[in-house]
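The values are calculated or read from the model by the stated rules, or taken from the named source; none is laboratory data. Worth saying up front: this structure is predicted, and the values here are computed from it rather than measured. Because the Cβ atoms are built from the backbone with ideal geometry, glycine has one as well, and the counts that use them run over all protein chains shown. The accessibility values were calculated without ligands, DNA or RNA, using every heavy atom of the protein model including side chains. Shrake-Rupley method; radii C 1.70, N 1.55, O 1.52, S 1.80 Å.
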Amino acid sequence: MLSVAKMMAPLSTLKRIFPILWASSRKWTLISSGLMVIEIIFGLAVLFLLKQLVDVVTTMLGSDAPADGIGQVLWTVAVTGVCSLGFLAARGFSGLARETQGLLVAEQIDSQIHDRAVRADLAFYESPRYFDTLQRARQSGSQRPVQVVNNLMLLVKNTLMLVAIVVLLATINWMLLPLLVVAIVPALMVRLRFTRKLYNWELRRTQMERRAGYLDWLLTSDIHAKELRLNQLGDFLRERYAEIKATIRQERLAISRRRTIVEVGVATAATAAFFSALAYLAWETSQGRNSVGNLVLFLLVFQRAQSMGQELVGQLSKLYEDHLYIGLLFEFLDVRPIIAEPEHPAPLPARMNQGMRFENVGFRYPGTSRDVLSHVDLTIRPGQIVALVGANGSGKTSLIKLLCRLYDPTSGRITLDGVDVREFSPDDYRRKFSVIFQDYGMYADTVRSNIRYGDIRQPEDTPLVEAAGDKSGAAAFVHQLHSGYDTPLTRMFDDGAELSIGQWQKVALARAFMYQSEVIILDEPTSALDPGAEFDLFANFRERIDHRAALVISHRLSTVRMADYIYVLDEGEIREAGTHDELIRQGGMYCELFSQQAYHYREVEA
Ligand SMILES: Nc1ncnc2c1ncn2[C@@H]1O[C@H](COP(=O)(O)OP(=O)(O)OP(=O)(O)O)[C@@H](O)[C@H]1O
């Protein structure tokens, strides 16, 4: 059974909800509360007047001249009618106010979710916990906070109404009161119990729902449409989706079935109690111990009490459910980044002097047991072009994530001009870099925006966009698009143009060139470029990047050889370091890789 503490828990939720409502719209919070109060006042007045009416009619029937009281009856009926109209109008308008407030609160919650999402650490995104928490926060729905308040108001209203009814019933016969308890309390307990059960089940099922969502996305997304058709995966994926959905459905229905059976049992007990009370009252009336008016009042009022009781049970269990689900929303909103602003950030040098250094850096992803980087020592000096070479999975991208402080090292430190980078403000520090990752973004927006996203602080018409397009080699094909730099990309929206993968990569490169950062980081920037484009890019690379420092990752050693200094990473450790000529002379790993790649070209030359 549920403890009192658990039943009181929704109150703690309210403490967090009111500020959200207040922040979303003060005006509508006040209007909807005011209308609710008016609704309650009219509702209570109607009940009171109904009792008056029964009393007046009963007195009339018992008097010697019944016709004398007709004026009072008509007056009471008229006032009751006016109050009923007032009640209906207030209810209608308070519904409208609640809807308005609901929409505003939903926007406020969305904005808070987005705020937390963009501030969360990258580590959060790269874990199943992120997807679970986000899915649950979304599932909890942005409408919940306003629902809670509405439910609370309805609860107050119905409780007051019920109190009035209880008083009415007590005037008929106080022995009827236990009957109300039987009609309401067990039903409430059952509802609360099953609400909790369903909630616990949904928590356990989050990953399963996500898996189904993922399959649904695979089946319907444009990204997989080609492979899905050619490999004829459609039916296979549909079956897997249907299996998951069937399991979810069966488990959910099993809970609903059990709840229905218990609810029917409880309702049967309540109905039996009601008819016993009716029989008792009818007997008392027939024996002259109770008036006919009271019997009529009982039938009239008890029906109301029953529906009020049902609403009350519904609202209480809804309030409890909302409290549980809002907890999930708050769980997401409470996520705080680990890579946060230091209390007293060190001043960031306007231009670096000595450069960036990795000092004996080790790194392991959170929640894993294997070091992906160990004992890494690496330096990037101002204006120096450094290349990073290594097999798949050797830790190159992880190293970049550390450099940009998307993660912090597990051991060792990274410094900028000798200062540990953890001492700087993360946002300011990250502005030292412009990066193009392997999985760069393809934004459904114009070419101009796709490039300007590299430095959104620049005005919309900045000439830097076109200059960056020239540097990356994107300009040539952009001028052939129907609206040049103002052509929307992706066919997701009207008038969109679709680019080839290599063309997208040139746009992404332009984005990295757009921002005048001190260090430019390119993770496989030419993987999709044709050899001519790659040659052009690196032929005068230093001028292209305005003599800034660069860290370039590439599997193409023809690209790598233009670097000032090369690091060879193997299973997370730096195995070799030096200039191209030095590494060739050493005759180690780099030399072997270079000879393998050069072999085929030599064959052609021969
Ligand atoms: N988010 C993550 N969580 C846990 N492990 C990860 C994560 N990202 C990468 N890894 C692991 O870290 C190791 C290094 O990955 P990384 O992406 O740095 O390699 P890479 O050298 O860039 O490879 P590639 O040449 O294929 O791009 C791999 O074994 C990979 O499985």
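Annotations for the structure displayed:
- Listed by first and then second residue, the pairs with beta-carbon distance under 7 Å, at least 6 apart or on different chains, first residue in region 531-559 and part of a helix (DSSP H, G or I), second among the acidic types (Asp, Glu), are 559/534.
- Residues of region 202-252 that are within 23 Å of the chain's Cα centre (by Cα), of a type in the set (D, E, K, R) and part of a helix (DSSP H, G or I): 202, 204, 209, 210, 211, 216, 245.
- Selection from region 390-429 of residues that are near the ligand (Cβ under 8 Å from one of its atoms), surrounded by fewer than 19 Cβ atoms within 10 Å (Cβ to Cβ) and outside any helix (DSSP H, G or I): 391, 392, 393
- Residue within region 60-67 that is in the same structural domain as residue 107 (by the TED database), open to solvent by less than 60 Å² (accessible area, probe 1.4 Å) and touching a Leu at 6+ places or on another chain (Cβ under 9 Å) present: no
- Screening the candidates 302, 358 for the property of being more than 30 Å from residue 200 (Cβ to Cβ), open to solvent by less than 80 Å² (accessible area, probe 1.4 Å), within 16 Å of the ligand (Cβ to nearest atom) and not in a loop (DSSP other than H, G, I, E, B) yields one hit, 358.
- Lone qualifier among 15, 27 - being loosely packed, with under 14 Cβ neighbours inside 10 Å, modelled with pLDDT under 85, within 44 Å of the chain's Cα centre (by Cα) and not aliphatic (A, V, I, L, M): 15
- Residue in region 335-355 that is at pLDDT 80 or above and not in a loop (DSSP other than H, G, I, E, B) present: no
- Subset of region 430-446 that is charged (D, E, K, R) and more than 16 Å from the ligand (Cβ to nearest atom) - its residue that is surrounded by the most Cβ atoms within 10 Å (Cβ to Cβ): 432
- The combined condition, being open to solvent by 20 Å² or more (accessible area, probe 1.4 Å) and away from the ligand (no atom under 16 Å from the Cβ), is fulfilled by residue 104.
- Any hit, region 447-459, residues being crowded, with 19+ Cβ neighbours inside 10 Å, closer than 22 Å to residue 499 by Cα and small (Gly, Ala, Ser): yes
- Filtering region 253-290 to residues that are open to solvent by less than 60 Å² (accessible area, probe 1.4 Å) and not in a helix (DSSP H, G or I) leaves only 290.
- Filtering region 384-415 to residues that are over 25 Å from residue 440 (Cβ atoms) and of a type outside the set (Val, Ile, Thr) leaves 411, 412, 413.
- Region 551-606, subset at pLDDT below 90, within 44 Å of the chain's Cα centre (by Cα) and open to solvent by 60 Å² or more (accessible area, probe 1.4 Å), residue nearest to residue 389 (Cα to Cα): 555
- One residue stands out in region 335-355 among those that are open to solvent by 90 Å² or more (accessible area, probe 1.4 Å) and in contact (Cβ under 8 Å) with a residue 12 or more places away in the chain: the one that is nearest to the ligand (Cβ to nearest atom), namely 338.
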